[in-house]
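Trainee: Pasting a structure below so you can have a look.
The values are calculated or read from the model by the stated rules, or taken from the named source; none is laboratory data. Predicted model only: the values in this text are computed from it and were never measured. Glycine gets a Cβ as well: all are built from the backbone with ideal geometry, and neighbour counts include every protein chain shown.
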């Protein structure tokens, strides 16, 4: 029986559940998920769970908060002036795109509004799932063993040629 191994491309169905049993993500909403093992496109613990599965196999895994979206960092909860948000209706639970400076450049970072008063808002820059253990129910639909290893195709995985540059990586699109 064929089983998933490193660098395989897989197609799966999944449901992501919070400790309360509430679904936070599901392939029922988005269609089957396809990814290549080793590409870094899914959580490492999720990828490890798929490794070794056979087509049509279903499994349930629990990923600890620290291995999922991290533990909640209280330093990422801040209170800011409402002054920059005049004229906007803001309520707890809303997600705001807030401009933050990092490395001398402005970046728009999502923040969850925790509380609002006349002068300030308290926002949380943690990932919405930070601090929560999450459960995934995974069903493997198919395995494609013909996929090249991530970074291959231009020589990056096997040599230092083929469009690779020391500081910019592979020139592949």
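Trainee: Being loosely packed, with under 14 Cβ neighbours inside 10 Å, in contact with a helix residue (DSSP H, G or I) (Cβ under 6 Å, 6 or more places away or on another chain) and either within 25 Å of residue 130 (Cβ to Cβ) or assigned by TED's automatic domain parsing to the domain that holds residue 137 (or both) narrows it down to one of 33, 71, so name that one.
Mentor: Going through 33, 71 in turn, the sole match is 71.
Trainee: May I pose another question? Scanning the range 104-127 for residues that are without any contact (Cβ under 8 Å) to a residue 40 or more places away in the chain and part of a loop (DSSP other than H, G, I, E, B), which turns out nearest to the chain's Cα centre (by Cα)?
Mentor: Here the answer is 104.
Trainee: Say whether the condition of being in a loop (DSSP other than H, G, I, E, B), modelled with pLDDT of 95 or more and surrounded by 11 or more Cβ atoms within 10 Å (Cβ to Cβ) is met by at least one residue in the range 132-142.
Mentor: yes
Trainee: Out of 139, 112, report the one residue that is touching a strand residue (DSSP E or B) at 6+ places or on another chain (Cβ under 6 Å) and more than 17 Å from residue 78 (Cβ to Cβ).
Mentor: 139
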